[in-house]
Amino acid sequence: MLLTDSNSRGSRIAKNVLNVVIICAVFVTAVHFKNSVISDDNDWATQQIETMQDIRQTAQDGVAFAQGMENPDEYAAQLENVQQYITDYDQLAKTREIQSITTHDPVQRALGSLNRNRQQEAVANMQNTAGNLDKQTKTLLDAVDKTMADDFTQHGGQWLLQVDDPTQVNELIDRYGKDRHYASMRDLLTDLESLQKLRTTVKQQVSDSVANLHNAEASAAAIAVPTLNGDLDPAGWYTLATNVAGTMGVQIEQTMEYGCGGQTSGLPQEFTVAYYCQTSDRTQRNVVHILTTHPSWTQTARSPWLVDVVKHELSHRSIMISCGTIQPAIAGDRTEAVTNSYSALYFGADRGRIAEQQQGLAEYAMDEQSDQIAASIHDGNCG
């Protein structure tokens with residue numbers, strides 16, 4: 001049996017080595033624990049700062065969105081508030097305490113952790129500012145949302161009548177018809193950006209429809225119309241009127257009684273030669289109706305007056321596409337006179353025949369004022 005002397009020199013050396021190993025292990029464990037605590041605290045703070053940075057970015061994007069609207073001055077006060085809170089937030093983000101949390105330098109992070117209370121206070125200040133920034137962003141986006149919604153409420157029905165293809169307008173109608181709730185300001189901003197894109201598309205479609213309309217009017221006006229009743233037989237006059245309407249993408253339908261939903265012509269039926277219906281029914285958008293039961297239908301069908309009648313109804317349609325209504329505010333109580341002026345100015349209807357055929361109908365009588373109003377409508381001013 002081998003015995004060792006605990007007091008021997010070799011034993012003492014072994015004990016010393018073992019003590020050093022134990023001390024080192026304890027130190028390493030303590031350092032690792034301390035670093036783990038620092039890392040856990042910093043990770044928590046870093047996550048908070050990342051959340052706040054998302055709030056700040058949404059606010060910045062919201063400012064850019066509002067500034068890109070048609071009338072950004074409407075949101076001047078809200079924009080100023082949001083921008084001030086962004087400035088306040090950025091100043092806090094530059095403080096030494098926050099920088100020591102967000103830095104990737106382990107030495108700086110370790111030194112910063114020595115002032116843990118100051119770091120926590122700095123994070124709390126940032127959270128408070130970020131919360132206020134989020135509230136101000138909501139106020140700004142709510143104001144933009146209201147402007148867009150009010151514009152849709154006022155003009156959505158008109159856009160539906162104006163555009164050639166109602167698909168996007170109907171999508172707007174569907175989206176505004178639903179309750180809209182958002183989990184965050186980012187979700188609200190994303191939805192508003194999508195709505196604005198759709199709204200811009202619809203407005204461009206309206207502009208395109210009006211431009212196409214004016215081109216078609218010029219083509220219709222260029223079709224030669226004989227001046228004498230005997231120049232064409234009834235079939236010829238009807239074909240000519242059909243060609244003029246066809247240039248506008250419109251068809252003529254003959255009917256024996258006035259039928260335009262709840263609308264009325266404003267005149268006894270015996271005075272109504274033809275009519276155009278302003279309705280959400282898309283099948284009626286491109287239809288002009290002629291009353292074959294009108295007392296003078298036989299004479300009308302044998303004369304160039306038939307073409308003028310059709311041009312008058314086409315002018316109602318043109319005014320509707322230009323303004324979203326056949327009775328724009330700018331026309332006041334002179335809708336029919338303005339429509340006559342429009343037909344003469346842009347469809348080449350004959351003023352002399354119109355005046356002769358409509359003697360005694362003061363509301364249809366053209367003058368300089370009705371011409372000016374018609375020109376304004378053609379230029380996009382509907383009052």
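The values are calculated or read from the model by the stated rules, or taken from the named source; none is laboratory data. None of these values were measured; they are calculated from a predicted model. Virtual Cβ from ideal backbone geometry, glycine too; neighbours counted across all protein chains shown.
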> When you scan the range 358-373, how many residues do you find that are modelled with pLDDT of 95 or more and under 15 Å from Glu313 (Cβ atoms)?
Replying inline: 1
> Of the residues that make up the range 262-284, is at least one over 28 Å from Ala375 (Cβ atoms), part of a strand (DSSP E or B) and at pLDDT below 95?
Replying inline: yes
>> Tally up the residues in the range 58-76 that are of a type in the set (A, V, I, L, M, F, W, C), in contact with a helix residue (DSSP H, G or I) (Cβ under 9 Å, 6 or more places away or on another chain) and more than 13 Å from Lys135 (Cα to Cα), please.
In response: 4
>> Take the residues in the range 53-97 that are β-branched (Val, Ile, Thr) and either closer than 25 Å to Ala124 by Cβ or outside any helix (DSSP H, G or I) (or both); name whichever of them is modelled with the lowest pLDDT.
In response: Thr95
>> Among (1) under 28 Å from Asn286 (Cα atoms); (2) surrounded by 15 or more Cβ atoms within 10 Å (Cβ to Cβ), there is one condition Gly177 misses while meeting the rest; what is its number?
In response: (2)
>> Just to be sure I understand, how many residues within the range 358-383 are within 25 Å of the chain's Cα centre (by Cα), outside any helix (DSSP H, G or I) and touching a residue at least 40 places away in the same chain (Cβ under 8 Å)?
In response: 4
> Of (1) in contact with a Lys or Arg (Cβ under 8 Å, 6 or more places away or on another chain); (2) assigned by TED's automatic domain parsing to the domain that holds His294, Met185 satisfies all except one. Which?
Replying inline: (2)
> Looking at (1) more than 34 Å from the chain's Cα centre (by Cα); (2) aliphatic (A, V, I, L, M); (3) surrounded by 15 or more Cβ atoms within 10 Å (Cβ to Cβ), which is the only condition Val107 fails?
Replying inline: (3)
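With respect to Gly348, is the statement that it is in the same structural domain as Val307 (by TED's automatic domain parsing) and assigned to a loop (DSSP other than H, G, I, E, B) true? Quick ask: steps written out before the conclusion?
Numbers: in the same structural domain as Val307 (by TED's automatic domain parsing): yes; assigned to a loop (DSSP other than H, G, I, E, B): yes.
In short, yes.
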> Tyr182 fails exactly one of the following numbered conditions: (1) surrounded by 14 or more Cβ atoms within 10 Å (Cβ to Cβ); (2) part of a helix (DSSP H, G or I). What is the number of that condition?
Replying inline: (2)
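Answer yes or no: is there a residue in the range 77-88 that is surrounded by 14 or more Cβ atoms within 10 Å (Cβ to Cβ) and farther than 28 Å from Thr46 by Cα.
Narrowing the range 77-88 to residues surrounded by 14 or more Cβ atoms within 10 Å (Cβ to Cβ): 78-79, 81-83, 85-86, 88.
Retained after the next criterion (residues that are farther than 28 Å from Thr46 by Cα): 78-79.
Yes, because at least one residue in the range 77-88 is surrounded by 14 or more Cβ atoms within 10 Å (Cβ to Cβ) and farther than 28 Å from Thr46 by Cα.
Restricting the search to the range 294-326, which residues are without any contact (Cβ under 8 Å) to a residue 12 or more places away in the chain and either surrounded by 24 or more Cβ atoms within 10 Å (Cβ to Cβ) or not in a helix (DSSP H, G or I) (or both)? Lay out the reasoning, then the answer.
Residues of the range 294-326 that are without any contact (Cβ under 8 Å) to a residue 12 or more places away in the chain, as a first pass: 298-299.
Hits for the range 294-326: nothing passes.
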> Among the residues of the range 282-317, which ones are in contact with a helix residue (DSSP H, G or I) (Cβ under 6 Å, 6 or more places away or on another chain) and closer than 18 Å to Met366 by Cβ?
Replying inline: Trp305, Val307, Asp308, Val310, Lys311, His312, Ser315, His316
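For (1) assigned to a helix (DSSP H, G or I); (2) aliphatic (A, V, I, L, M); (3) closer than 16 Å to Gly324 by Cα, each residue gets a yes or a no:
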residue	(1), (2), (3)
Glu171	yes, no, no
Asp174	yes, no, no
Lys178	no, no, no
Glu193	yes, no, no
Gln196	yes, no, no
Val202	yes, yes, yes
Val206	yes, yes, yes
Leu213	yes, yes, yes
